[in-house]
Each structure stands twice: as C-alpha cells, then as structure tokens.
Amino acid sequence: MIHADLGPELEAIVLNLIESGKYSSRTQVLRESEELKGWREAKLRALDDELARRLASPRDQYIPFEDARKTILAGLDPEGDFKA
C-alpha cells in the first residue's frame with residue numbers, strides 16, 4: 001500500500017469529507033477523486049472534439065454574433081435567468 005503526504009490543506013479536506021459522513025475512508029475519497037478526474041477529462045476531450053468539428057464546418061453555418069446575442073437575450077428574464 002502506498003502512503004502519501006497530502007499536506008495540511010488537502011488532509012483537512014479529506015478528513016472533513018470523512019467526518020461529514022459523505023465518505024467512509026481516505027481510499028474512498030481518493031478513488032472518487034480519480035473517477036471525477038477521468039469524467040472531467042472525457043468531457044473536455046468531447047468538448048475539444050466538438051469544437052474542432054464545428055470549426056472545420058463551413059462558415060455559412062455560423063450565426064452572426066449580434067443575432068446570437070439577441071436570441072439569447074430574448075430568452076432571459078429581467079434577472080438574467082432563462083425563461084421557463
């Protein structure tokens with residue numbers, strides 16, 4: 001088994017998560033951290049792929065900025081939240 005010094009800040013975070021009852025052990029905290037890291041990296045790869053795909057598409061498929069802005073603003077209520 002590998003033991004690592006997390007430093008005082010990370011150790012406090014891990015202990016707080018365990019004491020709160022959200023996790024039962026340091027191993028569980030670290031395991032979920034790795035799972036979330038993998039999920040985030042997959043989402044970022046998907047975003048990169050989508051951006052590359054869209055940037056490679058013909059320019060005539062793009063909406064002019066001002067048109068997009070007007071469409072978005074029309075969908076917001078006075079507080080800036082999207083209308084239901």
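Counting the residues of the stretch 15-29 that are closer than 18 Å to M1 by Cα and part of a helix (DSSP H, G or I) gives 4.
When D77 is tested against the conditions (1) surrounded by 10 or more Cβ atoms within 10 Å (Cβ to Cβ); (2) in contact with a Lys or Arg (Cβ under 6 Å, 6 or more places away or on another chain), the lone failure is (1).
The single residue among R59, R26 that is surrounded by 10 or more Cβ atoms within 10 Å (Cβ to Cβ) and of a type in the set (K, R) turns out to be R26. Might you let me know whether the stretch 30-40 holds any residue that is part of a helix (DSSP H, G or I), loosely packed, with under 10 Cβ neighbours inside 10 Å and either hydroxyl-bearing (S, T, Y) or modelled with pLDDT under 90 (or both)? The answer is no, given that none of the residues of the stretch 30-40 is part of a helix (DSSP H, G or I), loosely packed, with under 10 Cβ neighbours inside 10 Å and either hydroxyl-bearing (S, T, Y) or modelled with pLDDT under 90 (or both).
The values are calculated or read from the model by the stated rules, or taken from the named source; none is laboratory data. Please read these numbers as outputs of a predicted model, since none were measured by experiment. Please note: Cβ atoms are built from the backbone with ideal geometry, for glycine as well, and neighbour counts cover all protein chains shown.
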